[in-house]
Amino acid sequence: MDSIKDGGGTSLDNKVNANSKEEQLEQFRVDDKDKAMTTNQGLKVSEDEFSLKIGERGPTLLEDFHFREKMTHFDHERIPERIVHARGYGAHGEFELYESMHAYTKANFLQTPGTKTPVFVRFSTVAGSRGSGELARDARGFATKFYTEEGNYDLVGNNIPVFFIQDAIKFPDLIHAVKPEPHNEIPQAATAHDTFWDFVANNQETAHMVMWTMSDRAIPRSFRMMEGFGVHTFRFVNNQGKSHFVKFHWKPVLGVHSVVWDEAQKLNGKNPDFHRQDLYDAIDSGNYPEFELGVQIIEEKDEFQFDFDILDPTKLWPEEDVPVKIIGKMTLNRNVDNVFAETEQVAFHPGNVVPGIDFTNDPLLQGRLFSYTDTQLIRLGGPNFHELPINRPVCPFHNNQRDGYGRQTINVGQVSYHKNSLAGNTPTPVSEEEGGYAHYQEKVDGRKIRARSESFKDHFSQATMFWNSMSDPEKLHIVNAFSFELGMCKEKTVREQVVEMLVNVDEDLASQVAKNLGLTVQGNNASNNSKSSPALSQSNSVKKPDTRKIAVLVSEGFDKELIAILEALKAKGAQVEIVSDCQGTITGADGSSLAVQHTFLTADSVLFDAVYIASPQGTTPTYQKEAAYFVKEVYNHFKPIAATFYGDQLLDELGLKGQAGVITEETETSFVESFIEAIAMHRFWNRAV
Ligand code: HDE
């Protein structure tokens, strides 16, 4: 890779490989370790603790340029947080194509199987501020920047395949309603308040999306265990100019899994960084998160063959009707060096496309195409944010745009306009054959009108389909989520309106929520859609034990077999962390030792996927009480429990022996196998709690 020439900093042949972005970023990295301190002007600093004063007890002098520079820079360190998706976390990786999409799109990075493209991904919550808890009940952003040799392609999606509204003009209203209420700035990162539900009830296009945000999807176990969706219908255009409608999906290799609401609330206190920690640690330890890219494709001629409008962003394409074709895999394999420089300054835009990918007239997408550049102008302070290292394409970029705050590129020469003769009329647009982007020539004919298409007016059929597709535990969680959220609303009329709206989704759902709220249900469901889509239920998702965290409760004098069991659990992909009376090391009956990661003060059951009781008692009088509380909570959250070496005494005391997902087998191999199987199951919903 060359210096940062050609705007982008690419090798001369413009070939992108999985390392292209990394090599470009390397040119901007600075390691301050072992260096002499200087000012920003490069002047060596002799003193950094005392400002320049008249006498030791006298006033500070304006002359103190070092103090002024340091303080001024500090005073300007913060930038506005994102208006939505402020709380996020990112990582680098690569995307590898499995199968050529040549028949559908001419996008270069989707042509040759095995092609690797560098990517940067940022996951986020939507409503909360930058410092808010990550286990908020909320949609998650899932934004991916592909650094291709034809320019940056951004797939700016969510972990939910539909959206609250159908037209971008309503986005400010939606966000005003969901953000903390303006008169008291309460509540933070939560939809459980009057203005949000008032918006929902009075804008019933929200019905389908609120079913998703009240489902387990809104409280993921990990960013690594969520699906991603492009939401809108896009177009693939091939080199014959033929267009197909396409929807994008990310499928996590670890499957889709969630926590329960009680855990989510506790996690926000115990570790508000739970999701970023999980992502950072997984990458740091070489357990690289993987997501397969899938596409659903509809031929142009079939645009009107569905019982919904494929341009309506509140509708999904059921996977059973339009199969998801898996075409490649993204692997996140590198944490950022600096969260501000990379994750905070990354600027996504659904309008960043490459030849072969185009837009449709989805009115939500059309509005997004305006909003993203506009928001970066305020957030990143001017029009040159494409020059920030994280945002630079890895291919050359040349045009006549000039100047503006923070301009870094030194464009040489006299000419900055088109057309010209002085520079041989360059830089010059190139033909489609040479890679020039040409918009798909869709024929559009109509009157200027502010209206919503009739075909967008069914707000409930797919909300009902979502409900029909849920397993019983998932349905219960949805009922509880509505009951919690509406229960937090102060206005009875708001609660009543939402319950009335839910009748149109499902009468049973509405009456269960109404009962919890002390309301009665009026009216009945006119539509009665009986369709379901099994792909929507998390109960049908992939189940694996990999990277699941087990808390091992163990004390001094532990059984000599324990070490072998722990090794066997690790060999199956689980991660074990030792919880004991005090930190340091503990010694087993045979003299072997174990490093302790946590005491009951630093560990909490909600931070783990399973518990293994290897010692029912400890050396401190509180061990038994704390272990009992820990195990009981694991049980209440439906997670696997295992016990050996008299650990089952504790289970006896708690009355948990023999319950689903409680493993107490005697032989070492079958114990490990049963425990791992239980961990892969994720949760045991059939427990009587
Ligand atoms: Fe966004 N959205 N959005 N959005 N969105 C932003 O852009 C907007 C929508 C999504 O990690 C903002 O850079 C409008 C749908 C993600 O940096 C802003 C509308 C989907 C992220 C904006 C939508 C998304 C954003 C705020 C309705 C899923 C975080 C900061 C028309 C397909 C990207 C920023 C990151 C961020 C506008 C709806 C996903 C204000 C106007 C639908 C993942 O431009």
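Annotations for the structure displayed:
- All of Leu254, Leu316 fail the test of being outside any helix (DSSP H, G or I), touching a residue at least 24 places away in the same chain (Cβ under 8 Å), buried (at least 21 other Cβ atoms within 10 Å of the Cβ) and away from the ligand (no atom under 16 Å from the Cβ), apart from Leu254.
- Just one of the listed residues (Asp154, Asp64) is surrounded by fewer than 24 Cβ atoms within 10 Å (Cβ to Cβ) and assigned by TED's automatic domain parsing to the domain that holds Glu49, and it is Asp64.
- Qualifying residue in the stretch 547-559 (condition: among the polar types (S, T, N, Q), assigned to a strand (DSSP E or B) and touching a Ser or Thr at 6+ places or on another chain (Cβ under 8 Å)): no
- In the stretch 261-284, the residues that are of a type in the set (Phe, Trp, Tyr) and either at pLDDT below 95 or closer than 19 Å to Ala481 by Cα (or both): Trp261
- Spans of helices (runs of 4 or more DSSP H) in the stretch 136-223 with at least 2 residues within 30 Å of Asp309 (Cβ to Cβ) and within 13 Å of the ligand (Cβ to nearest atom): 171-178, 207-213
- Qualifying residue in the stretch 553-569 (condition: within 22 Å of His208 (Cα to Cα) and either basic (Lys, Arg) or at pLDDT 95 or above (or both)): no
- Taking the criterion of being within 13 Å of the ligand (Cβ to nearest atom) and charged (D, E, K, R), the only residue of the stretch 124-135 that qualifies is Arg130.
- Qualifying residue in the stretch 367-389 (condition: touching a strand residue (DSSP E or B) at 6+ places or on another chain (Cβ under 9 Å), within 24 Å of Thr125 (Cβ to Cβ) and among the basic types (Lys, Arg)): yes
- Cβ-Cβ distances below 7 Å connect no pair with a first residue in the stretch 401-419 that is closer than 20 Å to His386 by Cα, a second residue that is of a type in the set (A, V, I, L, M), and a separation of six or more residues or different chains.
- The residue pairs whose first member lies in the stretch 378-392 and is polar (S, T, N, Q), whose second member is part of a loop (DSSP other than H, G, I, E, B), and whose beta carbons are closer than 6 Å, counting only pairs six or more residues apart or on different chains, are Asn384/Gly404; Asn384/Gly406; Asn384/Arg407; Asn391/Ala347.
- Hits in the stretch 355-377 (condition: part of a loop (DSSP other than H, G, I, E, B), within 11 Å of the ligand (Cβ to nearest atom) and hydrophobic (A, V, I, L, M, F, W, C)): none
- In this structure, Thr117 does not qualify as outside any strand (DSSP E or B), assigned by TED's automatic domain parsing to the domain that holds Ser285 and of a type in the set (Val, Ile, Thr).
- Thr493 being modelled with pLDDT of 95 or more and on the phi > 0 side of the Ramachandran plot: no
- For the stretch 635-655, the tally of residues that are over 22 Å from Glu561 (Cβ atoms) and in contact with an Asp or Glu (Cβ under 9 Å, 6 or more places away or on another chain) stands at 3.
- For Leu380, the criteria (1) within 15 Å of the ligand (Cβ to nearest atom); (2) more than 25 Å from the chain's Cα centre (by Cα); (3) of a type in the set (A, V, I, L, M, F, W, C) hold in every case but one, which is (2).
- Residue selected from the stretch 88-123 under the condition out of contact with any Gly (no Cβ under 7 Å at 6 or more places or on another chain) and farther than 16 Å from Lys329 by Cβ, by the criterion nearest to the ligand (Cβ to nearest atom): Gly90
- Residue among Asn352, Asn333 that is within 16 Å of the ligand (Cβ to nearest atom), in the same structural domain as Asp309 (by TED's automatic domain parsing) and polar (S, T, N, Q): Asn352
- Selection count where residues are modelled with pLDDT of 95 or more and outside any helix (DSSP H, G or I), scope the stretch 621-642: 6
The values are calculated or read from the model by the stated rules, or taken from the named source; none is laboratory data. Predicted model, so just to flag it, every value in this text is computed and none were measured. Because the Cβ atoms are built from the backbone with ideal geometry, glycine has one as well, and the counts that use them run over all protein chains shown.
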